[in-house]
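What follows is a short report on a single structure.
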Amino acid sequence: MIIDAQVHAYERNHPTRPWVNTLHGPAEMTGDQMIAAMDEAGVDAAVIVSSWVIYRDDASYAVEVRNDHPGRFALVKPLNPVDPAVDETVADWARTPGAVAVRVLSIPAHMIPAMAHIFPVASDDPIKGIGPMFAAATRHSIPINYTCIGCVDQAATIAKAYPDCQIVIDHLGLKQPYEPPVPEDALDDLPAVLALAKLPNIAIKASGLCTLSREPYPFNDIWESLARTIDAFGIDRVMWGTDWTRALSMVGYKESVDAFRFADRLSESDRAALLGGTLQKIYDWKPVIG
């Protein structure tokens, strides 16, 4: 079973559910369109990560899509870092059918200057700044997807402070481009990310990895970084995802699936774990197909 750990589904901007900002990608990627893309690429199921850029912490569209296709989609909701009732929010989300995780975004303003107004700015004191969200996730036994681009050291601090919280680092913990070219320093933080492997409550999402390739399909230059990640964390803590539709300007959906689905660099057991097995264990979710 192939399960994409991160896709975004959203409808066109309209007054009933207006966009907060514009997401990089097509004007819409409805649930039916996402299903069609998955079917073409041989993907059985996917986790819809509701877009903070478009909807902030309103995951209602993702919930609608999941309810239309309950066997094929699971859900991740981004949390508002200034939500005074975050514990209640997380408790409510944990009871939502299809919910498998919440998401915390924390990015230093200098990392993505053009989008600094969109993403929550990383705090100098992560325990005070984002700690309440991790505390809530711990209390309600739901994993957290953590976007910590440019502040990987804070991930270690948080993981040590909340050792019973299952943390999943987004996008290999690396800044990934929205369009070519790939930055020269794209992999500079990888050693710091790999050092997180010593913390047993951290898993990692190898999502959007094809956007770090400087080569055409099958993107042979991404495999060294992935191999180092698997060696550090173990295959039982690494999950694959496309980050569709953010990756649109860099790679097509089917290519971003086929690069892993047909690669000869993985054993059959490792491929099965990377492309869905690890995700099912960490999120405690098994899709129901057909």
**Study point:** Unmet criterion (only one of (1) more than 16 Å from the chain's Cα centre (by Cα); (2) farther than 24 Å from Ala94 by Cβ) for Asp236
**Key:** (2)
Study note, to complete from the structure: Scanning the range 57-97 for residues that are of a type outside the set (A, V, I, L, M), assigned to a helix (DSSP H, G or I) and crowded, with 22+ Cβ neighbours inside 10 Å gives Arg66, Trp93
Point to revise | Test for Pro181: is it within 25 Å of Ala27 (Cα to Cα) and more than 18 Å from the chain's Cα centre (by Cα) | key: yes
Check your understanding: What number goes with the only condition from (1) exposed (fewer than 15 other Cβ atoms within 10 Å of the Cβ); (2) not small (Gly, Ala, Ser); (3) not in a helix (DSSP H, G or I) that Val182 does not pass?
Key -> (1)
Check your understanding: Would you pick out the residues in the range 236-289 that are more than 20 Å from Ala37 (Cβ to Cβ) and among the aromatic types (Phe, Trp, Tyr)?
Key -> Tyr283, Trp285
Study note, to complete from the structure: For the range 220-249, the count of residues that are in a loop (DSSP other than H, G, I, E, B) and buried (at least 21 other Cβ atoms within 10 Å of the Cβ) equals 3
Point to revise | All positions within the range 264-288 that are over 19 Å from Pro70 (Cα atoms), in a loop (DSSP other than H, G, I, E, B) and in contact (Cβ under 8 Å) with a residue 24 or more places away in the chain | key: Arg265
Practice item. Residue by residue through the range 6-20, note down the ones that are buried (at least 16 other Cβ atoms within 10 Å of the Cβ) and not in a loop (DSSP other than H, G, I, E, B). Key: Gln6, Val7, Tyr10
Revision key, fill the gap. Of Ala203, Ala192, the only residue that is at pLDDT 95 or above, under 18 Å from the mean Cα position of the chain (by Cα) and not in a loop (DSSP other than H, G, I, E, B) is Ala203
Revision key, fill the gap. Counting only residues in the range 32-56 that are in contact with a strand residue (DSSP E or B) (Cβ under 8 Å, 6 or more places away or on another chain) and over 18 Å from Val257 (Cβ atoms), the one surrounded by the fewest Cβ atoms within 10 Å (Cβ to Cβ) is identified as Arg56
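The values are calculated or read from the model by the stated rules, or taken from the named source; none is laboratory data. On a predicted model such as this, the values are computed, not experimentally measured, just so you know. When we count neighbours, we look across all protein chains shown, and the Cβ atoms used for this are built from the backbone with ideal geometry, even at glycine.
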